[in-house]
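Structure first, then comments.
The values are calculated or read from the model by the stated rules, or taken from the named source; none is laboratory data. Note that the structure is a prediction, hence the values are computed from the model and not measured. Virtual Cβ from ideal backbone geometry, glycine too; neighbours counted across all protein chains shown.
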Amino acid sequence: DPIGISDLRDTFKRLNEEKNITILISSHILSELYAIANRFCIIEKGRVIKELTKEELDLECSKCIVIKTDDIKETCTVLERDLKTTNYKVIDKKEIRLYDYLNEPDKVNKKLIKNDINIKSLYETGISLEDYFKNVIKEEK
């Protein structure tokens, strides 16, 4: 019943926003959870393996250019100085996710090479909610 589902979603959101009530929902229908939740907790065999906000989940799943390099600091400098962007996230000491230049990965690659950045890999990515969930579960095993 689409109308009933929509009404229930609206009720949950209103209770959370107006009454500051936390509602715990367990479901395998990830699209429905995404439509109403503002925080997510992935549990495998009774153990919490990942907690994140909706904004963090969006960032994890969003389309981006992944840059793997040994020189994160200099790569960030080139992104900011030469490509005029700060729309990136340093994931760890060897990976950056760039959210600009999505249609121009070759331009990013050329700028990095021109500045003698040793690029291990550079590729586009972006995953569905379902794929993200499966990857988190797989990494835990």
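Within segment 115-129, if we keep just the residues that are in a loop (DSSP other than H, G, I, E, B) and among the β-branched types (Val, Ile, Thr), the residue that is modelled with the lowest pLDDT turns out to be Ile127. Inclusion of Asp10 among residues that are surrounded by 14 or more Cβ atoms within 10 Å (Cβ to Cβ), more than 15 Å from the chain's Cα centre (by Cα) and not polar (S, T, N, Q) is not warranted. Ile65 meets the conditions (1) in contact with a Pro (Cβ under 7 Å, 6 or more places away or on another chain); (2) under 16 Å from Leu129 (Cβ atoms); (3) not basic (Lys, Arg) in every case but one. The failed one is (2). The condition of being modelled with pLDDT of 95 or more and closer than 30 Å to Ile43 by Cβ holds for only one of Glu95, Glu74, that being Glu95. Only a single criterion out of (1) under 24 Å from Ile96 (Cα atoms); (2) without any contact (Cβ under 8 Å) to a residue 12 or more places away in the chain; (3) of a type outside the set (S, T, N, Q) is not satisfied by Lys19, namely (1).
To keep it simple, each residue is scored yes or no on (1) assigned to a helix (DSSP H, G or I); (2) acidic (Asp, Glu); (3) under 27 Å from Phe40 (Cβ atoms); (4) within 14 Å of the chain's Cα centre (by Cα).
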{"position": "Glu80", "(1), (2), (3), (4)": "yes, yes, no, no"}
{"position": "Ile91", "(1), (2), (3), (4)": "no, no, yes, yes"}
{"position": "Asn103", "(1), (2), (3), (4)": "no, no, no, no"}
{"position": "Asp106", "(1), (2), (3), (4)": "yes, yes, no, no"}
{"position": "Ile113", "(1), (2), (3), (4)": "yes, no, no, no"}
{"position": "Asp131", "(1), (2), (3), (4)": "yes, yes, yes, yes"}
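Would segment 63-83 turn up any residue that is β-branched (Val, Ile, Thr), free of Cβ contacts under 8 Å to residues at least 40 places away in the same chain, surrounded by 14 or more Cβ atoms within 10 Å (Cβ to Cβ) and not assigned by TED's automatic domain parsing to the domain that holds Ser26? The answer is yes, given that some residue of segment 63-83 is β-branched (Val, Ile, Thr), free of Cβ contacts under 8 Å to residues at least 40 places away in the same chain, surrounded by 14 or more Cβ atoms within 10 Å (Cβ to Cβ) and not assigned by TED's automatic domain parsing to the domain that holds Ser26.
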